[in-house]
Amino acid sequence: TNLFRNITKLSLKNNNIILKDSDKEILQSFINLTELYLNENMITVLYNDSFCNLTKLVILDISNNHISRVHKAAFAGLNQLSVLNLSYNKITQLDSDVFTSLKSLTVLNLQYNFLKSLNIKSSFKLIRIVLAGNPWTCSCDLLDLQIWLTASNVTMENEDNTTCIFPSTMKKFSIMTAAIQPGDCKFEKASSEHTITSTSVIMLKSSALLTLPLLGKSWTFLAGVLGFVLSTTLLIFTALKCPTWYHYFISYSHRRLEEHDSEMSEQEFSADMSSFPTVSRTNNEDPIVIFEKIHAFVPGEDGFIEDKYIDSYVTEES
């Protein structure tokens with residue numbers, strides 16, 4: 001620990017440092033460190049409070065890493081930092097609050113990253129800045145940086161390579177001289193705010209409309225369940241009753257007599273008549289007795305036959 005306290009300049013260049021928690025704990029022991037070189041390592045993210053105990057640090061070089069994200073409080077506690085080198089990384093976006101704690105910063109190197117725009121607060125005082133090699137989009141998002149570069153006393157190094165990539169009409173123009181009209185940006189900002197408001201209203205309406213079908217789906221589901229139960233019950237009932245109905249219809253099957261069927265019935269009836277013993281007509285009631293005997297074989301009758309011819313015959317005999 002005493003050895004760490006006496007060190008003022010530390011170079012950890014060209015290692016495999018990723019700046020994990022254990023690395024940060026070791027760095028916090030170098031309380032008198034003024035220069036730290038972490039270039040050409042494997043750092044991908046600068047988390048909050050990565051250098052919080054290095055209050056005397058003046059130069060910090062983290063170039064040639066794989067940094068893609070820088071948290072807002074990554075440089076918290078570096079009140080004496082004057083030079084910050086973040087060049088040759090993969091940074092796509094930097095929040096304007098990232099540099100808020102760097103009150104003494106004079107040189108900022110951001111060249112050869114993936115920055116398309118950059119917002120820097122007017123209170124940020126720099127002497128030199130390097131922004132070359134980034135795919136700058138010279139649109140309204142870059143207007144604040146352009147105004148700041150023009151209004152401040154900062155020197156932008158390698159200005160010839162600090163050019164617009166998009167749009168094609170401004171390609172190869174310096175980001176300081178590209179024609180970005182403030183009036184167009186105000187109109188675009190107003191239209192974007194109107195679009196955001198309209199979008200929020202549409203989203204609210206959509207959410208309200210989506211709520212109704214959700215309520216209706218529960219009723220549809222309930223109706224479907226009831227229909228399924230009823231149809232299943234009907235099928236079971238039909239399956240149980242089908243044999244009974246089948247036997248009933250089979251036993252009840254009948255048809256109309258055709259003409260030859262009636263002739264056969266008469267012949268059968270005559271044959272049945274011939275099977276009875278012959279009875280002489282000795283009195284008036286013999287025919288009636290014969291008919292009663294014959295008719296007794298017919299099911300479903302009460303034994304009496306009403307016939308006008310029989311009545312007239314009986315009257316004549318009497």
log10 I(q)/I(0) for segment 1-48, Debye formula on C-alpha points only (no solvent), q = 0.15, 0.22, 0.30 Å⁻¹, two decimals, reads -0.40, -0.83, -1.21
Lysine-lysine proximity count for segment 1-133, Cα under 24 Å, sequence distance 8 or more or distinct chains: 27
So for R0 = 22 Å, FRET eff. of Arg69-Asp21 from the Cβ-Cβ r, to 0.05, ends up at 0.85
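Can you pull the percent of segment 17-170's accessible area that's carbon plus sulfur, 1.4 Å probe, other chains left in place? Don't skip to the end; give the middle numbers.
Working: 3480 of 7000 Å².
So the carbon and sulfur contribution to the accessible surface is 50 percent.
Take the alpha carbon atoms of segment 16-131, find their radius of gyration, then divide it by 2.2 N^0.38 Å using N residues; give the quotient. Spell out each step's value before the answer.
Values: Rg = 13.0 Å, N = 116, 2.2 N^0.38 = 13.4 Å.
Taking the Cα Rg and dividing by 2.2 N^0.38 Å, one obtains 0.97.
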Whole angstrom only: what separates the Cα centroid of segment 54-89 from the Cα centroid of segment 1-37? 13
Just the number please: accessible area per residue for segment 67-124, 1.4 Å probe, all protein chains included, in Å². 44
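Could you sort the peptides 14-27, 163-176 by per-residue average Cβ neighbour count (10 Å cutoff), highest mean leading?
Going from most to least packed, we get 163-176, 14-27.
Order of 93-100, 72-79 by packing, highest average Cβ count within 10 Å first? Write down the numbers at each step before the final one.
On the way: 93-100: 15.5, 72-79: 18.5.
Per-residue mean Cβ counts within 10 Å order the peptides as 72-79, 93-100.
The values are calculated or read from the model by the stated rules, or taken from the named source; none is laboratory data. For clarity, every value in this text was computed on a predicted model and none was experimentally measured. With ideal geometry, Cβ positions are generated from the backbone for all residues, glycine too; neighbour counts draw on all protein chains shown. For the accessible areas, the whole protein counts, side chains as well, though only heavy atoms, and no ligand, DNA or RNA atoms are used. Shrake-Rupley method; radii C 1.70, N 1.55, O 1.52, S 1.80 Å.
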